[in-house]
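The values are calculated or read from the model by the stated rules, or taken from the named source; none is laboratory data. Computed from a predicted model, the values in this text were never measured in an experiment. No Cβ is skipped: glycine too gets one built from the backbone with ideal geometry, and neighbour counts run over all protein chains shown.
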Amino acid sequence: MTIYEDLVAIYERFLALFPVPVQWLVTLLVVIGLVLAFINLIRHSWLFLILLILLLPAIFPILQRFFSDLYRFFLYLVRLLQAA
């Protein structure tokens, strides 16, 4: 199982806790939260970003897979919002 499949399964179980008319709002809040968390990470962890750039050649395949799965999950959330 990939990270994407795990994230989707966990999110669907989480979303099942809410009534159907409210699920789009929960998804919207999750998307906004993910965007704000990423912006906060970039703003407050500039040293982390510098180390990441220096070590990028060694960890590129891992990061590529992780961000690819995370991007697919983000697109999944956006599609859920569009369907509502």
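Within the range 1-15, can you find the residues that are loosely packed, with under 11 Cβ neighbours inside 10 Å and not in a helix (DSSP H, G or I)?
Selection gives MET1 alone.
Identify, please: which residue in the range 27-80 is under 17 Å from ALA9 (Cα atoms) and among the aliphatic types (A, V, I, L, M) and is, among those, nearest to the chain's Cα centre (by Cα)?
By that ranking, first place goes to LEU70.
Which one is surrounded by the most Cβ atoms within 10 Å (Cβ to Cβ) among residues in the range 21-34 that are touching a helix residue (DSSP H, G or I) at 6+ places or on another chain (Cβ under 9 Å) and without any contact (Cβ under 8 Å) to a residue 60 or more places away in the chain?
Going residue by residue through the range 21-34, those that are touching a helix residue (DSSP H, G or I) at 6+ places or on another chain (Cβ under 9 Å) are 23-24, 26-28, 30-31, 34.
Of the ones still in play, those that are also without any contact (Cβ under 8 Å) to a residue 60 or more places away in the chain are 26-28, 30-31, 34.
Values: VAL26: 16, THR27: 21, LEU28: 15, VAL30: 17, VAL31: 15, LEU34: 14.
That would be THR27.
Within the range 21-50, work out how many residues are closer than 19 Å to PHE73 by Cβ and not in a helix (DSSP H, G or I).
0
In the range 1-20, what count of residues is obtained for those that are over 12 Å from PHE73 (Cβ atoms) and modelled with pLDDT of 85 or more? Even if it seems obvious, please write down each step before you answer.
Residues of the range 1-20 over 12 Å from PHE73 (Cβ atoms): 1, 13-20.
Cutting the leftovers down to modelled with pLDDT of 85 or more gives us 13-19.
Qualifying residue count, the range 1-20: 7.
For the condition outside any helix (DSSP H, G or I) and either surrounded by 12 or more Cβ atoms within 10 Å (Cβ to Cβ) or out of contact with any Cys (no Cβ under 9 Å at 6 or more places or on another chain) (or both), what is the one hit in PHE66, PHE73, PHE18?
Values: PHE66 fails: outside any helix (DSSP H, G or I); PHE73 fails: outside any helix (DSSP H, G or I).
Only one candidate qualifies: PHE18.
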